[in-house]
């Protein structure tokens, strides 16, 4: 399939969704950075993104249209629900326990956790809806290189490797999402510092009576 670049519209979003449903790979705008996506329930499509990004072993996040779509693939306890209720839609990726029916091992951690997020971008949500409600949403860059904030920043190798690029203009935030997981019922751990700040997470944890824990390899700073 020949790659095309189209401006975002309801028509191009529908085309993007059809490509995803057919097993294709797209590049699309999000609220953070440009993402590369596919059907998260299609193992061959997921494998293709790993190959395009030259990424090995590290699970990729899944973007969802709403909580009902997340419930199709993941289990959420009451505390996790309280956390995301304060930060979604937005730039928070949370690791949740995958449902037994979810079988795409590439997208799961060793303890069967998957990263999920509901983005705060109407363009992104429209594309996710047209794709069936779920969409792999990792940054559209070769692993180790900076994530693109506009299609002008996309690597030529990425452009040549996907089936469609949706140009939604420059992403406003320009930093990837912050990734967290609930370690136990009283402790939230930051796995990657991103566009949601430590101070914001501290405020949320204080409201919910949680302790904020930052992995040692990530400095405690905004």
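Considering only the range 135-149, I want to know if a residue exists there that is touching a helix residue (DSSP H, G or I) at 6+ places or on another chain (Cβ under 9 Å), outside any strand (DSSP E or B) and free of Cβ contacts under 8 Å to residues at least 12 places away in the same chain.
Yes - at least one qualifying residue is present in the range 135-149.
If we scan the range 29-40, do we find a residue that is in contact with a helix residue (DSSP H, G or I) (Cβ under 8 Å, 6 or more places away or on another chain) and surrounded by fewer than 17 Cβ atoms within 10 Å (Cβ to Cβ)?
Among the residues of the range 29-40, not one is in contact with a helix residue (DSSP H, G or I) (Cβ under 8 Å, 6 or more places away or on another chain) and surrounded by fewer than 17 Cβ atoms within 10 Å (Cβ to Cβ), which makes the answer no.
Per-residue answers, yes or no, for (1) within 20 Å of the chain's Cα centre (by Cα); (2) at pLDDT 95 or above:
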{"site": "128", "(1), (2)": "yes, yes"}
{"site": "135", "(1), (2)": "yes, yes"}
{"site": "139", "(1), (2)": "yes, yes"}
{"site": "147", "(1), (2)": "yes, yes"}
{"site": "174", "(1), (2)": "yes, no"}
{"site": "186", "(1), (2)": "no, no"}
{"site": "196", "(1), (2)": "yes, yes"}
{"site": "207", "(1), (2)": "no, yes"}
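So is residue 193 farther than 20 Å from residue 25 by Cα, without any contact (Cβ under 8 Å) to a residue 24 or more places away in the chain and surrounded by 20 or more Cβ atoms within 10 Å (Cβ to Cβ) or not?
Working: farther than 20 Å from residue 25 by Cα: yes; without any contact (Cβ under 8 Å) to a residue 24 or more places away in the chain: no; surrounded by 20 or more Cβ atoms within 10 Å (Cβ to Cβ): yes.
So residue 193 fails the test.
Please identify the pairs in which a residue from the range 51-67 that is surrounded by fewer than 14 Cβ atoms within 10 Å (Cβ to Cβ) has its Cβ atom under 7 Å from the Cβ atom of a residue that is in a loop (DSSP other than H, G, I, E, B) and at pLDDT 95 or above, counting only partners at least 6 apart or on another chain.
54/142
Is there a residue being touching a helix residue (DSSP H, G or I) at 6+ places or on another chain (Cβ under 8 Å) and within 28 Å of residue 183 (Cα to Cα) anywhere in the range 17-25?
Within the range 17-25, none of the residues are touching a helix residue (DSSP H, G or I) at 6+ places or on another chain (Cβ under 8 Å) and within 28 Å of residue 183 (Cα to Cα).
Is it true that some residue in the range 25-38 is more than 26 Å from residue 169 (Cα to Cα), in contact (Cβ under 8 Å) with a residue 60 or more places away in the chain and in a loop (DSSP other than H, G, I, E, B)?
For the range 25-38, residues more than 26 Å from residue 169 (Cα to Cα), in contact (Cβ under 8 Å) with a residue 60 or more places away in the chain and in a loop (DSSP other than H, G, I, E, B): absent.
The values are calculated or read from the model by the stated rules, or taken from the named source; none is laboratory data. This is a predicted model, so every value here is computed, not measured. Neighbour counts run over all protein chains shown; Cβ positions are idealised from the backbone, glycine included.
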